[in-house]
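Below is one structure, written out as structure tokens; comments come after it.
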Amino acid sequence: MGVAVEVSGLTKSFGSQNIWSDVTLTLPPGEISVLLGPSGTGKSVFLKSLVGLLKPEKGSIVISDTDIVTCGEHKLYEIRKLFGVLFQDGALFGSMNLFDNIAFPLREHTTKSESEVKSIVLEKMDMVGLQGAEGKLPGEISGGMRKRAGLARALVLDPEIILFDEPDSGLDPVRVAYLNQLIVDLNAQIDATFLIVTHDIGTARTVPDNLGLLFRRNLVMFGPREQLLTSQEPVVRQFLNGRREGPIGMSEEKDVAQVEAEIAALEARGGDSHNGVGPKGASGGEAVPPQLTPTEGLPERRGERRRQERVARMLHEFDETTQAAIRKSLPEHLLAQSDAGAFQPTRGAGGRHWAPEPDATPMGSTATAVLPRQDGEG
Amino acid sequence: MTATDKPKAPGLLDGKFSPTRPLAVSGNLFAFALDVIRALPKRPFQIREFIQQTWFVASVTILPTALVAIPFGAIIALQLGSLTRQLGAQSFTGAASVLAVLREASPIVTALLIAGAGGSAICADLGARKIRDEIDAMEVLGISPIQRLVVPRVLAAMLVAVLLNGLVSVVGTAGGYFFNVVLQGGTPGAYLASFSALAQIEDFWASETKALIFGLIAGIVASYKGLNAGGGPKGVGDAVNQSVVITFILLFAVNLVLTAIYFQLVPPKGQ
């Protein structure tokens, strides 16, 4: 099972420029989360902070009982072995061929024999569909292949947490669809915690278990996918519908009066459902499309099971539309338990919580982690 | 969001011309140097990378060094040739020429080439890796770029600097001999006989020590600038430029200090 990442009160600035402040969220173990946000809201900075490449000024990031914001260099390198990161362009080592690139972490960190290394590398290349490309140099292959090779390298040490920095950038929609399926399949196979940073609304609507949105130097919302997909929060609605009308401006924020005028004009035209199809997979309305499922023949996602239980526990804290959407995704017995009041919500910030599987061994600090709710703001 | 925590708009001079900025930059460079030195004894030592880098640095510096060393030796020989004739001390031309090449010309030429050819190549290589996220990727894979990339490069620069210094001494002296004897009509016997009149073996060791330290400085500055390159391809270009300039300034300053120390420690011959 993957490892939970608990971020609380995280603040990062470059010089006098604040990137985001007071970001609090928990990535539940083994689930897929997507972080959305307009360009320049520091999504990549957030990813880099998670792996300790950048040091936030305030707050904590706790991963298996270690706060990586304050821990020492040595400990940080140990924690990083839990991570697999897919960088935007794959970040392959230009001087090595694909095989050596993917074998690199194994050769550096393990004492495996060359034949063992070979079998692991070929297995991972097979997983991402790169059979037969071992001898190619990163400069000789397409962007999509580079991303998949970067993914294979990220997978080679069997990470517990995998971070994706815009896996869809520079790929055509068909390749994005394949990559999304690959992400879901991988999650089913290795049950690691996934965080995807993206602009692609299609990905955000269909892939993740949890969705978050960064805007105006804040985490606007983070929660189960249904919560954002049915949210009436203007920023969330604007982003998921890919329209100009709303608080997000081209370069800076808009003033309130202008936003109100735009929204009124939009409503007069018939609202989002009238607005048609936006760019990057954005579509009108607030429908919650079915989530991608692993390819036939693969095991079912254990993360999904845990999520159902977790969401059922906090079902009654959502508003009506969100509840209705979540109900559709939950099996009967969990719904019955939830409605019978069998679940006691943990007292904590916002009351949102998740708990490990009842039969799983308690994982120390992760058992009482709290999902933040930001409905008091904005 | 309240007005108080709203970030200020960046000003024109925002941090750029702060009086403490040079201090911060030098401090970072020094901290980086300490990190590198601390990583030197760490296992596993990257022997493969070290050999590759030594070969690489040597291959970009040997030819230019030889080509610079010949005219350098010649200039010294020409200057000394006419000077000694004016003073009536032709028999000491060889002695003075060797002394000048060994003590000063050779470490300076080595410094120029190690910084200009070797350092710039190291900086460009690391800078390109940095902007392609390769360095970040390496750190995320739990591998310290300082240990994996910088240490072998710094050691390679040091080794090559020592070897280059030997090369420059030989080529420079040979160039001086050629110009003095063949072109200026000096006597070969007198030139060779006076070789060890002023120079001593300590001069050679001092020269090699200088080269070793120059290699260390050039390697560290180039790696530091390369690993801190930012802002796309232009950032790499800027980093290479800065690395060469900073290395030159540091090397000439260090050369002055080392020479002063040398004269305090080793008495000149014949005293």
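Just so you know, all these numbers are worked out from the coordinates, no wet-lab data involved. This is a predicted model, so every value here is computed, not measured. For neighbour counting, all protein chains shown are included, and Cβ atoms are generated from backbone atoms with ideal geometry for every residue, glycine included.
Going by how many other Cβ atoms sit within 10 Å of their own, how do A:Ile79, B:Ile75, A:Ile196 line up, fewest first?
Values: A:Ile79 21, B:Ile75 16, A:Ile196 25.
The fewest-first ordering by Cβ neighbours comes to B:Ile75, A:Ile79, A:Ile196.
Helices from chain B with mean Kyte-Doolittle at least 1.0 and a Cα length along the axis of 24 Å or more, per DSSP H: which? Each step should come with its number before you reach the end.
Values: long enough: B:21-39 (27 Å, 0.96); B:47-87 (55 Å, 1.07); B:151-177 (39 Å, 1.61); B:201-227 (39 Å, 0.83); B:232-265 (48 Å, 1.29).
Going by DSSP H runs, the hits are B:47-87, B:151-177, B:232-265.
With a Förster radius of 35 Å, plug the Cβ-Cβ distance of B:Ser91 and B:Ile51 into 1/(1 + (r/R0)^6) and report the FRET value to the nearest 0.05.
For B:Ser91 and B:Ile51, the calculated efficiency is 0.15.
Hey, got a sec? Which trypsin sites (Lys or Arg not before Pro) in the range A:189-265 land in a DSSP loop and have at most 13 other Cβ atoms within 10 Å? All intermediate terms of the calculation are to be shown ahead of the outcome.
Values: sites: A:Arg205, A:Arg216, A:Arg217, A:Arg225, A:Arg237, A:Arg243, A:Arg244, A:Lys254; in loops: A:Arg216, A:Arg217, A:Arg243, A:Arg244, A:Lys254.
Here the trypsin sites (Lys or Arg not before Pro) that fit, given the DSSP loop and packing criteria, are A:Arg244.
Using Cα pairs closer than 8 Å and at least 6 residues apart in sequence, work out the relative contact order for chain A, in percent. It would help to have the intermediate numbers written out before the result.
Values: 674 pairs, mean separation 70.5, N = 378.
Over chain A, the number comes to 19 percent.
Hey, with R₀ at 22 Å, roughly what FRET efficiency would B:Phe263 and B:Trp205 work out to, going by the Cβ-Cβ distance, to 0.05?
Values: r = 14 Å, r/R0 = 0.65.
After rounding to 0.05, the efficiency reads 0.95.
Identify all lysines with a Cα-Cα distance to A:Lys58 below 18 Å; exclude those on the same chain that are fewer than 8 residues away in sequence.
A:Lys12, A:Lys43, A:Lys48, B:Lys6
Where Lys and Arg each count +1 and Asp and Glu each count -1, what net charge lies around A:Leu137 among other residues with Cβ under 12 Å from its Cβ?
-1
At what distance in nm do the modelled label points of A:Glu108 and B:Phe252 sit from each other, each positioned 7 Å from its Cα along Cα→Cβ?
Placing both labels 7 Å along Cα→Cβ, they lie 3.9 nm apart.
At 222 nm, what value in deg cm²/dmol follows for the protein assembly as shown if DSSP H runs of at least 4 each add -39500 (n - 2.57) and the sum is divided by all its residues, to the nearest 500? Before the final figure, lay out each step's value.
On the way: 24 runs with 329 residues, N = 649.
Rounded to the nearest 500, it is -16500 deg cm²/dmol.
Taking neighbour counts of Cβ atoms within 10 Å as a proxy for exposure, in what order, fewest first, do B:Glu104, A:Glu160 appear?
Lowest count first: B:Glu104, A:Glu160.
Quick one: check the C-alpha center-to-center distance for the range B:147-209 versus the range A:201-251, whole angstrom.
Result: 68 Å between the Cα centres.
Between A:Val174 and A:Met250, take the C-beta separation as r, use R0 = 30 Å, and let me know the FRET efficiency to the nearest 0.05. Present the calculation step by step, with values, prior to reporting the outcome.
Working: r = 29 Å, r/R0 = 0.98.
E(calc), rounded to 0.05, equals 0.55.
Kindly put A:Arg153, A:Arg313, B:Arg132 in sequence by how many other C-beta atoms sit within 10 Å of each C-beta, fewest to most. Before the final figure, lay out the partial values.
Values: A:Arg153 30, A:Arg313 21, B:Arg132 18.
The fewest-first ordering by Cβ neighbours comes to B:Arg132, A:Arg313, A:Arg153.
Could you work out, residue by residue across B:239-245, how many beta carbons of other chains sit within 10 Å of that residue's beta carbon, and then give the average as an integer?
Average per residue, whole number: 0.
Inside 10 Å of the C-beta atoms of A:87-95, what's the mean count of C-beta atoms belonging to other chains? It would help to have the intermediate numbers written out before the result.
Details: counts 6, 1, 3, 4, 10, 4, 5, 5, 4.
Average per residue, whole number: 5.
Among A:Gly150, A:Gly242, A:Gly94, whose mean-square fluctuation peaks in a Gaussian network model of chain A (Cα, cutoff 10 Å)?
A:Gly94
Quick check: the distance between the Cα centres of the range A:156-187 and the range A:3-31, to the nearest angstrom?
About 22 Å separates the Cα centre of the range A:156-187 from the one of the range A:3-31.
Excluding B:Ala218 itself, what net charge comes from residues whose Cβ is under 15 Å from its Cβ, given Lys and Arg +1 and Asp and Glu -1?
Numbers: positive: B:Arg153, B:Lys210, B:Lys225; negative: B:Asp125.
Spelling it out: positives minus negatives among the neighbours equals +2.
Give the cross-link partners of B:Lys225 among the lysines, using a straight C-alpha distance below 16 Å as the criterion and excluding same-chain residues fewer than 8 apart.
Partners within reach: B:Lys130, B:Lys234.
Going highest first, how would you order B:193-206, A:179-192 by mean Cβ packing within 10 Å? Don't jump to the answer; show the numbers that get you there.
Details: B:193-206: 16.4, A:179-192: 20.2.
The peptides rank, most packed first, as A:179-192, B:193-206.
If you count, for every residue in B:125-138, the Cβ atoms of partner chains within 10 Å of its Cβ, what is the mean? Intermediate values should be presented prior to the final figure.
Numbers: counts 2, 0, 0, 1, 4, 0, 0, 8, 11, 10, 2, 8, 14, 5.
What the average comes to for B:125-138 is 5.
By its C-alpha gyration tensor, with a ≥ b ≥ c as the square roots of the eigenvalues, how is the range B:60-265 shaped: rounded for a/c under 1.5, else prolate for a/b larger than b/c, else oblate? Spell out each step's value before the answer.
Working: a/c = 3.17, a/b = 2.57, b/c = 1.23.
Prolate shape, in that a/c is at least 1.5 and a/b is the bigger ratio.
So for each of A:35-42, A:317-324, B:111-118, B:146-153 I average, over its residues, the number of other beta carbons within 10 Å; can you give me the resulting order with the highest mean first?
Values: A:35-42: 19.4, A:317-324: 15.9, B:111-118: 26.2, B:146-153: 23.2.
Top to bottom by mean Cβ count within 10 Å: B:111-118, B:146-153, A:35-42, A:317-324.
As a test, work out the antiparallel percent of DSSP beta bridges whose residues both lie in the range A:5-213, rounded to the nearest 5.
In the range A:5-213, approximately 45 percent of DSSP beta bridges are antiparallel ones.
Going highest first, how would you order B:34-42, B:210-218 by mean Cβ packing within 10 Å?
B:210-218, B:34-42
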